[in-house]
Amino acid sequence: MSLPPPAWPISFRTTLLRATLYVLFIGAIAQGAYLEAIYLPSVRYTEFGFTEVTQTIILATCCGMLLYIRHVLNVWPTVTLLLFAFIAASLVREQDYLLDEFVAPHTWKIVVSLFVIPSITWVVIQRHRFLEEFRYYSNTFAFGLFAGGVLVTYVFSRLYGRQIFWRAVLEDNYVRIFKDVAEEVVELLGYSLILFATLELLLLALRIRASRRLSSAPLS
């Protein structure tokens, strides 16, 4: 017996198009990191280089999409709130050098606490609603991409960028720039996966809203 189609279907052609665009985007950031090494020697792989700036743009874009999903489309508000808090915390964390240098030491920790603690508190209060929303979200392509992005960014990049690892590989030829490049570029890849996940969630939310309108439309 054939299974019923999903509640918010997506065509194979559309999936193939998105996959192609994602491949092109990853190719573009890889090329950007390469060009950064050639043409931006004074700021490469620092807070003012291509890689770090692109990370900031990606995270800010994700935050904007999540706010739109939550407040305009009104889809899975507790799940999107938790995702927003997580990504916004990462965005602020990426600015730690600038905040410590031009504001005050540990400023980023205070800023993160101001929106992470209330967000988590609200999700705990609305835990039954969160679990109901997460039951749907966890079975989507967006969740799979997001989980992959988190693993790449917050687990693999940290392990791959360990100084002890690169000292073992390069031995007497060790220079810190190798470690920095490895960690930052892998982080950029992970953030890109999170961007794709957020975009997929946005597109899914648009389909959900369209489905809601169709189901609530009066019969003629």
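The values are calculated or read from the model by the stated rules, or taken from the named source; none is laboratory data. These figures come from a predicted structure and were not determined experimentally. Neighbour counts run over all protein chains shown; Cβ positions are idealised from the backbone, glycine included.
One residue stands out among those in the stretch 181-220 that are among the polar types (S, T, N, Q) and either modelled with pLDDT of 95 or more or part of a loop (DSSP other than H, G, I, E, B) (or both): the one that is surrounded by the most Cβ atoms within 10 Å (Cβ to Cβ), which is Thr198. Residues in the stretch 87-96 include at least one that is closer than 25 Å to Ala19 by Cα and either under 21 Å from the mean Cα position of the chain (by Cα) or at pLDDT below 95 (or both). The number of residues in the stretch 151-207 being touching a residue at least 40 places away in the same chain (Cβ under 8 Å), hydrophobic (A, V, I, L, M, F, W, C) and farther than 30 Å from Leu81 by Cα comes to 2.
Criterion first (surrounded by 21 or more Cβ atoms within 10 Å (Cβ to Cβ) and either under 22 Å from Leu98 (Cα atoms) or without any contact (Cβ under 8 Å) to a residue 40 or more places away in the chain (or both)) does Gln31 satisfy it? Answer is no for this residue. Scanning the stretch 45-73 for residues that are in contact (Cβ under 8 Å) with a residue 24 or more places away in the chain and either among the small types (Gly, Ala, Ser) or not in a helix (DSSP H, G or I) (or both) yields Tyr45, Glu47, Ala60. The helices (runs of 4 or more DSSP H) found wholly in the stretch 84-150 and carrying at least 1 residues that are without any contact (Cβ under 8 Å) to a residue 12 or more places away in the chain and surrounded by 16 or more Cβ atoms within 10 Å (Cβ to Cβ) occupy 107-125. Here Phe84 passes the criteria (1) farther than 18 Å from Val150 by Cβ; (2) in contact with a helix residue (DSSP H, G or I) (Cβ under 7 Å, 6 or more places away or on another chain); (3) of a type in the set (Phe, Trp, Tyr) except the one numbered (1).
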